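Since every read-out is calculated from the coordinates, none of them should be taken as a lab result. For clarity, every value in this text was computed on a predicted model and none was experimentally measured. Note that we place each Cβ from the backbone using ideal geometry, even for glycine, and neighbour counts take in every protein chain shown.
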Amino acid sequence: MNGEPYSTVREAMRLMQTGNLLAATAAIRHTLSGATSAGPLISARSPDRGTIEGTFRVVNETPLAKDASAGGSPFPGSITEERTQFSEHKYTGSAGTRRYKLFIPSAYRGQPLPLIVMLHGCTQTPDDFATGTRMNMLAEERACFVVYPAQTQSANVSKCWNWFQASNQRRDQGEPAIIAGLVRELLLTYDLDRERVYVGGLSAGGAMAVILGRAYPELFAAIGVHSGLPYGAAHDLPSAFAAMHQRDTSGASIAQRENPQAWRGEIPTIVFHGDRDTTVHPCNGEKVASQNAGASAFNAGDGPTATVATEETCAGGIPGAHSYTRRLFKDVTGKIVGEYWLVHGAAHAWLGGDPRGSYTDPKGPDASSEMMRFFLERARVEH
């Protein structure tokens, strides 16, 4: 058998044999709709493509009520599932292998939906992070895919993403290459929206999110950083601890020396940091915001994408919530390119999170909702 239809059938059969029924159906539908081989779903696997392994089950046609304590519901303690999936898989690429959890919303029928990458903090797991952030619940409401890559204990004894190693701060190598490869494979497998791919993370995951945005600006439309660190803040473990406790201020200069123009008109970024954070000093959140907004210490630059900051101070929206100071960064056209939320009285924890997850502060503001809002207001632009 030769030709595009036949090669697509062969690929669909291969996908069905691995249990990937959703992708097989999407591939056949893609061909029947008259798409060509140049389309987003390709039938032949190129040599540099990674592979995904795991059980891809068909979503349930009828609602299923699940006990959150059983660990099966993507919405712990909340709504029932309606054709949703939250299952574990494994990705292998040229840079390495990582397991991950993938959430698929009930609205998915093969259409190009947004994809959000969520990177957990140290000692956390994808399930723990999904519970604590409640991101699956928001993704179901807004019809988004969410992928939670899992760091291995063999790569880091505390399961931290190794953001502080020089080998993991560059394009096409190390952990950034693994995560970027996984993202590309999901875009192809599910025919997702390439212009609406976002990455967010907590602590070490937030620092890795910054690296991904820097290394792959053509892949991500926006970044969310919670209690993280700026690019270039460290090059090994001692300098990482120094940066976390603000005994080293070289982070910004390292990034500037590597590519002084890289911080002009950077990927839109939303940053959250508690001013009582004793694990990662709050100044790091400020540096992330200034780097990725294309500004220097919140001052406007000289280029065409120079930013200015407007500041507003307001209290949390629910009784007992933390107050916060929010700074908005705009380019010369008035477009918002960054938000920096300094939350008063908050420590090293995901704000507005579910207390059943680790490192969460239920008081708010709701970092997940604000991050989702910021993400979906933006689509990728050419760099």
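The table for this structure:
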quantity: Eligible lysines near LYS287 by straight Cα distance, threshold 23 Å, same-chain separation 8 or greater; calculated: LYS330, LYS335
quantity: Likely footprinting exposure, ASP361, ASP354, fewest C-beta neighbours within 10 Å first; calculated: ASP354, ASP361
quantity: Ranked by how many other beta carbons lie within 10 Å on average, peptides 194-201, 207-214, 182-189 from highest; calculated: 207-214, 194-201, 182-189
quantity: Highest to lowest packing among 153-162, 126-135, scored as the average C-beta count within 10 Å; calculated: 126-135, 153-162
quantity: Label point distance in nm, LYS335-GLN165, each placed 7 Å from Cα along Cα→Cβ; calculated: 3.7 nm
quantity: Anisotropy class of region 161-204 from Cα gyration tensor, a/c 1.5 cut; calculated: prolate
quantity: Mean-position separation - Cα centroids, region 138-212 and region 329-363, in angstrom; calculated: 19 Å
quantity: Subset of LYS159/LYS363; LYS101/LYS363; LYS90/LYS159 violating a 22 Å alpha-carbon distance limit; calculated: LYS159/LYS363; LYS101/LYS363
quantity: Ordering of 221-233, 267-279 by burial proxy (mean other Cβ atoms within 10 Å per residue, highest first); calculated: 221-233, 267-279
